[in-house]
Amino acid sequence: MIEARKLAERLPGDFVFGVATASFQIEGASKADGRKPSIWDSFSNMPGRVFGRHNGDVACDHYNRLEQDLDLIKSLGVEAYRFSVAWPRIIPEGTGPVNERGIDFYDRLVDGLKARGIKAFATLYHWDLPLALMGDGGWTARTTAYAYQRYAKTVIARIGDRLDAVATFNEPWCSVWLGHLYGVHAPGERNMDAALAALHFTNLAHGLGVEAIRSERADLPVGIVINAHSIYPGSTTAEDKAAAERAFDFHNGVFFDPVFKGEYPEGFLAELGSRMPQIEDGDMATIAQPLDWWGLNYYTPMRVSSDPTPDAEYPATTNAKPVSSAKTDIGWEVYAPALGALVETLNARYALPECYITENGACYNMGVENGIVDDQPRLDYIADHLSVTADLIAKGYPMRGYFAWSLMDNFEWAEGYRMRFGIVHVDYETQVRTIKKSGHWYKELAEQFPKGNHKAA
Ligand code: IFM
């Protein structure tokens, strides 16, 4: 087991330790104080979409347990909390009236963080699109990008003064490809043309959001959070290497190239450009405004082979075998070196600003026994990935902080509540929170930062 103190010695004194959550996954109170449904409320209530037809009606009841959960965060010794704002609480129909009672919740949240000396990292969009916007086509409509811009401006005008950082989007890969191409996430489409429209309008919304945020608070550090994929060819054949390049463009390049270079990848455009929605003059410049930081969410590598099926749709890849036999309970390969390789590759390809690991963690479903949750594999997973992060810093990469996913067990999207990522266990019957072994270890580590507070060994 990696000792927390030894690991701390390898990280800079101002490295930020935090915990992360997202609105739909923890808040519950889905009808409270003027909130209206999001696409995840409707999706989770459709048969066959989410395991056990679980939904977000109650979740971790965080909305009603705010103070107690903020105390929990404080008790973990972390310096920062990453949360997301629910658009359906702020502008319940997506466009139209602003719901002051919804904003009040985040007002109390950021005040509660400040009162406890915890930094606030807000994400404006973590997938809970107001359902009413589906009437216009949701993310497949250009108008949604402008609705998002107004929403972003509204949030920052009210709480931006107390935020330490803001991200426009969380993991656009999921809301675009999982939501519109693979049908696994809301709204559940399986249609490349729809997905390409969602891709461009999400990227555009990011750029419009950056403008909106800066127009309200020029000094607030703005970024985007991307679940970049660490892609390996399944073999050393030229076909598989070419497949890995295509996969890079499709899974990473379509977000990184627009945001950091102002263009879509050439290979991707050659294959799918004719099916993209209209890209208007100025769109790419809007998308590519310089950012203050970016967030990396990393969990597992992606291994691909070339798909031999004739006419296979771009990127024409299939899944290749994992290299490591270690898997988490959700079935994801555990392979920490892929985090290092990913950061190196991305920095070689793009001029990136400073980076926070905004999510990293593991799904293990052990429960409470005699008051204890012994989740040693999660502890090892986090320690190994932090160790890779320390190596990256030693090589000169600007890694500024790490947020454990997640503060507590929560609604794991299509998997419902059966998959647990928390460093704190949640009993969904009683809403009792129990800090897991990994959480105690994380606290020991986090408490040593900032290092001005270091207690002598
Ligand atoms: O729970 C999710 C989170 O919402 C986004 N990143 C990945 C996590 C684990 O699947």
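Worth pointing out:
- When the range 376-390 is filtered for residues that are open to solvent by 10 Å² or more (accessible area, probe 1.4 Å), in contact with a helix residue (DSSP H, G or I) (Cβ under 7 Å, 6 or more places away or on another chain) and in contact (Cβ under 8 Å) with a residue 60 or more places away in the chain, the ones remaining, listed by number, are GLN376, SER387.
- Hits in the range 423-439 (condition: within 20 Å of VAL16 (Cβ to Cβ) and either within 10 Å of the ligand (Cβ to nearest atom) or not in a loop (DSSP other than H, G, I, E, B) (or both)): VAL424, SER438, GLY439
- Some residue of the range 409-422 being away from the ligand (no atom under 16 Å from the Cβ) and within 26 Å of GLU447 (Cα to Cα): no
- Test: residue in the range 393-407 that is within 19 Å of GLU354 (Cβ to Cβ), open to solvent by less than 10 Å² (accessible area, probe 1.4 Å) and away from the ligand (no atom under 16 Å from the Cβ): yes
- A single member of THR309, THR300 is under 16 Å from HIS251 (Cα atoms) and of a type outside the set (Phe, Trp, Tyr), and it is THR300.
- Residue match in the range 161-173 (condition: open to solvent by 10 Å² or more (accessible area, probe 1.4 Å), closer than 27 Å to ALA198 by Cα, in contact (Cβ under 8 Å) with a residue 60 or more places away in the chain and hydrophobic (A, V, I, L, M, F, W, C)): yes
- Residues that are open to solvent by less than 10 Å² (accessible area, probe 1.4 Å) and more than 16 Å from the ligand (Cβ to nearest atom) within the range 126-140 comprise PRO130, LEU133, GLY138, TRP139, listed in sequence order.
- Any hit, the range 362-373, residues being within 16 Å of the ligand (Cβ to nearest atom) and hydroxyl-bearing (Ser, Thr, Tyr): yes
- Among the residues of the range 209-236, the ones that are open to solvent by 10 Å² or more (accessible area, probe 1.4 Å), under 28 Å from GLY401 (Cβ atoms) and more than 16 Å from the ligand (Cβ to nearest atom) come to 10 in all.
- If you check ILE26, ILE73, ILE103 for being aliphatic (A, V, I, L, M) and more than 23 Å from GLU412 (Cβ to Cβ), only one passes: ILE103.
- Of all residues in the range 38-66, exactly one satisfies the criterion of being more than 20 Å from PRO92 (Cβ to Cβ), among the aliphatic types (A, V, I, L, M) and surrounded by fewer than 18 Cβ atoms within 10 Å (Cβ to Cβ), namely MET46.
The values are calculated or read from the model by the stated rules, or taken from the named source; none is laboratory data. Just so we're clear, the structure is a prediction, and the values are computed from it rather than from any experiment. So basically every Cβ, Gly included, is an ideal-geometry build from the backbone, and we count neighbours across all protein chains shown. Side chains included, ligands, DNA and RNA excluded: accessible areas come from the protein's heavy atoms. Shrake-Rupley method; radii C 1.70, N 1.55, O 1.52, S 1.80 Å.
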